[in-house]
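Asker: Sharing a structure here in structure tokens format.
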Amino acid sequence: GRSTVLGYKGGHRAILLIRPSRANEPELPSIYRAPGIEEGTFAEFDVSVGEHVYHIRSRPGVFSWEHLDAGTRLLLEHTPIHVTDRVLDVGCGYGIIGIHTALIAHKGHATLVDVDALACQSARASLEANGIRHADVIIGDGLKAVGDRHYTLILSNPPFHSGHRVTLNIAETFVRDAYTALEPRGRLVIVANRFLPYDRIMNEVFGAVTTLAQTSRFHLLLAEKARLREAPEKKKPVDTGGDYEETIYQIPD
């Protein structure tokens, strides 16, 4: 396209670039015109869960963007869902968990949350492709994105790493925030790699945890919020007042 130098000072230039009309644009190489890469398009594929077939719209960069991953399939095939559930799908990706639960919870509602804009764009397109109307998609950071809303069922296939470092801080924060966001008798369901102690964290916060299903790689965990039980506080160090270094942890009953 055309360019104009607007000014020059101290070795720096200000340049105006004018984009040509689309009619005069050179054709992009075929790799950039592939579905999901070209602007306004999506990669499309179907996912079968039991007797249901879902039409997925996805973009490169979204988790498992070309197929249904094994952990999410385990969650979809073994999670009990009530027709009146108010569902929160945290880290929704292209939206398959929210779509499946919304179809079953047809007298309730599903909210899908992801921090990634491409994921939210894909989830909205997938909801539309499956004719799901009683659902919404929110871009934001986990439970913080939904404010003071409360749910009867929270589902997630959560990340367990930050960059290349495995961390449980994300998991612990998520479980505690989920407890707060659940209605009494609400359920939290997580699918995770078996080497990660999500079951211990969920047991500490909820008081009990059940394994719904497991494979050699994953376990599917369920915890239910008791009617009156308060979430335990994090362990806090107690100062003993001595001159030597010692930390005693006070553990709530």
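Asker: Tally Lys/Arg at +1 and Asp/Glu at -1 over every other residue whose Cβ is under 11 Å from the Cβ of Val90; what's the total? Provide the component values of the computation, followed by the final result.
Answerer: Numbers: positive: Lys144; negative: Asp89, Asp114, Asp141, Asp177.
The answer is -3.
Asker: Based on the Cβ-Cβ distance of Phe195 and Lys107, what FRET efficiency does E = 1/(1 + (r/R0)^6) give at R0 = 51 Å, to the nearest 0.05?
Answerer: 0.85
Asker: Classify the range 46-139: rounded, prolate or oblate, from the alpha-carbon gyration tensor (a ≥ b ≥ c, eigenvalue square roots; a/c under 1.5 rounded; otherwise prolate if a/b is larger than b/c)?
Answerer: It is oblate, given that a/c is not under 1.5 and a/b is not larger than b/c.
Asker: If you rank Arg19, Arg124 by fewest surrounding Cβ atoms within 10 Å, what's the result?
Answerer: Arg19, Arg124
Asker: Follow-up question, since we're still on this one. For a quick check: with amide H placed at 1.01 Å from N, whose amide H comes under 5 Å from Cys92's, ignoring anything fewer than 5 positions away on the same chain?
Answerer: It is Val113, Asp114, by chain and number.
Asker: Rounded, prolate or oblate for the range 108-153? Axes are the square roots of the Cα gyration tensor eigenvalues, ordered a ≥ b ≥ c, and the cut-off for rounded is a/c under 1.5. Could the numbers behind the result be given before it?
Answerer: Numbers: a/c = 3.15, a/b = 1.20, b/c = 2.63.
It comes out oblate by the Cα gyration axes.
Asker: Right, something else. Rounded to the nearest 0.05, what FRET efficiency do Gln214 and Ala14 have when you use their Cβ-Cβ distance and R0 = 45 Å? Spell out each step's value before the answer.
Answerer: Details: r = 61 Å, r/R0 = 1.36.
According to the calculation, E is roughly 0.15.
Asker: Still on this structure: Taking the convex hull of the alpha carbon atoms in the range 70-236, what volume per residue do you get, in Å³?
Answerer: 115 Å³
Asker: Can you list the residues, at least 5 places off or on another chain, whose amide H is less than 5 Å from the amide H of Ala110, using H built in the peptide plane?
Answerer: Val87, Ala135, Asp136
Asker: Right, something else. When the Karplus curve 6.51 cos²θ - 1.76 cosθ + 1.60 is applied with θ = phi - 60°, which whole-Hz ³J(HN,Hα) does each residue of the range 118-135 get, with x for Gly and Pro?
Answerer: Going residue by residue, I get 5, 5, 5, 4, 5, 4, 4, 5, 5, 4, 5, 5, 9, x, 8, 10, 8, 7 Hz, with x marking Gly and Pro.
Asker: Further question: To make sure I understand, if each residue's beta carbon is the centre and we count other beta carbons within 10 Å, what order do His82, His219, His106, His100 fall in, fewest to most?
Answerer: By the 10 Å Cβ count, ascending, the order reads His106, His82, His219, His100.
Asker: What ranking of Arg73, Arg200 emerges when the number of other C-beta atoms within 10 Å of each C-beta is taken as an exposure proxy, fewest first? Could you put the intermediate results ahead of the total?
Answerer: Working: Arg73 19, Arg200 12.
If I rank by nearby Cβ atoms, fewest first, I get Arg200, Arg73.
Asker: Can you list the HN-Hα couplings for the range 186-202, worked out from phi with the Karplus curve (6.51, -1.76, 1.60; θ = phi - 60°), rounded to whole Hz and with x for Gly and Pro?
Answerer: x, 10, 10, 10, 10, 10, 8, 4, 5, 6, 9, x, 4, 4, 5, 5, 5
No lab work stands behind these numbers, since they all come straight from the coordinates. Bear in mind the structure is a predicted one, so any value in this text is a computation, not a measurement. Heads up, the Cβs are rebuilt from the backbone with ideal geometry, glycines too, and the neighbour counts pull from every protein chain shown.
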